[in-house]
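Reading through the structure tokens given below for one structure.
The values are calculated or read from the model by the stated rules, or taken from the named source; none is laboratory data. The shown structure was predicted, so the numbers you read here are calculated from the model rather than taken from an experiment. A quick note on method: Cβ atoms are made from the backbone with ideal geometry, for glycine too, and the neighbour counts reach across all protein chains shown.
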Amino acid sequence: MLAYNTRIAIKSLRRHPLLTAIIIGGIALGICASTTFTTVRHMYARDPLPGKSEKLFYVRLDNWDPVKAYPDGGLVANPRKVPPSLTYRDSVELLRSNIPVRQTADYVATMAVFPEKSVSRPYTEVVRMVCGDFFAMFNVPFAYGRAWDRRADQKAEQVVVLSHATNQKLFGGGNSVGKRLQMNDRQFTVIGVLAPWRPFIRMYDPTSNFTGEPEAIFAPFSLTPGMELRTSGNSDNWKSLPTNPTYQDFLTSETDFVQFWVELRSASDAPRYQRYLDDYVRGEKKSGRFPRPLNNVLTSMNETLADLGLVTPQRTAMAAISVLFLLVCALNLTGLVLGKFLARAPEVSVRRALGATRVDIFLQHIVECELVGIVGGAIGVLMSVGVLRWIAKMQATTARMSPDVEMFAAAVFLSLIAGLVAGLYPAWRICNVQPAVQLKV
């Protein structure tokens, strides 16, 4: 019966190609809008490290002004009212804990890179200062070599890990492990080279551009004091530094610029680590620091990304509006479909007179509407893929933005719903036409 109704639907659609094209185009436009915006929200909301993110926790300590809480931060509210990063001195102390399986403090600094003269002129590069555990924590893939170990962190060894693109630029893309690279006034040894790695979001740095490319070079966090590095990323400070501050003044100040992540054995270890944080802050309070009430925040990766604005209310609102736009498109097409169906009232009356039931007539026309919905949905999804690529280009990101299996399934479902909404009333009207009124003897 379904195959029979489908054949009739195809013949009917071919009979009025212009009207069919308009109806399909309306549904395609609605599916394009809904798929595009729901895909964008879905890509930001999905788990960036499935199977592992529930064990990764982000640490925030409230070292802010005793008079007022940390500001909300504009359009994206900060529900915790706590700075999104830590001071250098707190990060160093927290790294002493043996509770986490892995942990890393990280921030970005700008260094001068001096390649071989035959390769390139000297240039400045953003370097992410991390602990060796960083790479295993965030599933960073290696093409050559490995990450440095904790001994290298403790001794502040001058080693680096290069991105795939940087290795191509400086060493022609070969295995450069063991080669030397000068940055600032120091000679570094290449210990690892990453495989091509471009996560959709930089989940390890929730305080800056979520969709930016990963850094080109990674170096040990413990080199910070020896090289007198300062952050070139986001930083916060409510307490002014002394006049003509020294570098040591900066390191011991209340300037927040370090992101701090821990990997616990399981989520059940979070209360234990939370107690450790609280005890640490209580100890610091005795020396006059942390004047605000105890407010230490330990959140899982997904909670952190939500807190710090990855899934903004605006993205959620646009996704909801796009689905409503599809509904409006489908409702506006109801009039066209109704006129098309009523025009064939004499044909339907003949079928009724020959024994077809109202249910048969209703199903025949619903199948036609669903066929239109599926075709419009397919066109709309293709349009959405093009729009998503344009959005990625506008955001200057090389990350792949396209509907995944879940979004394709959602698009098919919405296409069927759109076809049903557009054709439900017209199909009901045509199956209730009285044959006697249409038939002439």
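Among strands (runs of 3 or more DSSP E) entirely within the range 126-219, having at least 1 residues that are within 16 Å of T104 (Cβ to Cβ) and either more than 23 Å from the chain's Cα centre (by Cα) or of a type in the set (V, I, T) (or both) singles out 159-162, 186-194. Of all residues in the range 255-289, how many are surrounded by 21 or more Cβ atoms within 10 Å (Cβ to Cβ) and among the small types (G, A, S)? Count: 0.
Please state which one of V140, V190, V130 is among the β-branched types (V, I, T) and either touching a Lys or Arg at 6+ places or on another chain (Cβ under 6 Å) or farther than 30 Å from E54 by Cβ (or both).
V190
Do we have any residue at all in the range 105-118 that's touching a Phe, Trp or Tyr at 6+ places or on another chain (Cβ under 7 Å), under 21 Å from L229 (Cβ atoms) and in a loop (DSSP other than H, G, I, E, B)? No, the range 105-118 has no match at all. One residue is enough: does the range 59-79 have a residue meeting the conditions in a strand (DSSP E or B), surrounded by 24 or more Cβ atoms within 10 Å (Cβ to Cβ) and at pLDDT 85 or above? Taking every residue of the range 59-79 in turn, at least one turns out to be in a strand (DSSP E or B), surrounded by 24 or more Cβ atoms within 10 Å (Cβ to Cβ) and at pLDDT 85 or above. Checked against the criterion of being surrounded by fewer than 16 Cβ atoms within 10 Å (Cβ to Cβ) and not in a helix (DSSP H, G or I), the range 336-343 has at least one qualifying residue. In the range 331-382, the residue that is farthest from the chain's Cα centre (by Cα) out of those that are more than 23 Å from G25 (Cα to Cα) and among the acidic types (D, E) is E347. Could you list, in sequence order, the residues of the range 99-118 that are surrounded by fewer than 15 Cβ atoms within 10 Å (Cβ to Cβ) and modelled with pLDDT under 95? Once the filter is applied, which keeps residues that are surrounded by fewer than 15 Cβ atoms within 10 Å (Cβ to Cβ) and modelled with pLDDT under 95, the range 99-118 yields E116, K117, S118. Considering the range 100-125, the residues that are over 28 Å from Y58 (Cα atoms) and of a type in the set (A, V, I, L, M) include one that is farthest from the chain's Cα centre (by Cα), namely V119. With respect to the conditions (1) surrounded by 16 or more Cβ atoms within 10 Å (Cβ to Cβ); (2) at pLDDT 85 or above; (3) touching a helix residue (DSSP H, G or I) at 6+ places or on another chain (Cβ under 6 Å), E228 falls short on a single one, namely (1).
If the condition is being surrounded by fewer than 22 Cβ atoms within 10 Å (Cβ to Cβ) and either at pLDDT 95 or above or not small (G, A, S) (or both), then the range 119-132 contributes V119, R121, P122, Y123, T124, E125, V126. Of the listed requirements (1) within 26 Å of V160 (Cα to Cα); (2) in a helix (DSSP H, G or I); (3) of a type in the set (D, E, K, R), R272 misses just one: (1).
So, M383, is that one crowded, with 16+ Cβ neighbours inside 10 Å, in contact with a helix residue (DSSP H, G or I) (Cβ under 7 Å, 6 or more places away or on another chain), assigned to a helix (DSSP H, G or I) and modelled with pLDDT of 85 or more or not?
In short, yes.
Residues that are of a type outside the set (K, R), within 26 Å of I191 (Cα to Cα) and surrounded by fewer than 17 Cβ atoms within 10 Å (Cβ to Cβ): does the range 233-246 have at least one? No, that holds for no residue.
Residue by residue, here is whether (1) touching a Lys or Arg at 6+ places or on another chain (Cβ under 7 Å); (2) within 30 Å of R344 (Cβ to Cβ) holds:
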{"site": "I8", "(1), (2)": "no, yes"}
{"site": "L13", "(1), (2)": "no, yes"}
{"site": "I24", "(1), (2)": "no, yes"}
{"site": "A33", "(1), (2)": "no, no"}
{"site": "G51", "(1), (2)": "no, no"}
{"site": "F57", "(1), (2)": "no, no"}
{"site": "D62", "(1), (2)": "yes, no"}
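Looking only at the range 136-185, residues that are among the aromatic types (F, W, Y) and touching a strand residue (DSSP E or B) at 6+ places or on another chain (Cβ under 7 Å) come to 3 in all. Look at the range 250-272: where a residue is within 24 Å of P71 (Cβ to Cβ) and modelled with pLDDT of 95 or more and a partner is of a type in the set (S, T, N, Q) and part of a helix (DSSP H, G or I), sitting 6+ places away or on another chain with Cβ atoms under 8 Å, you get V258/S91; F260/S91.
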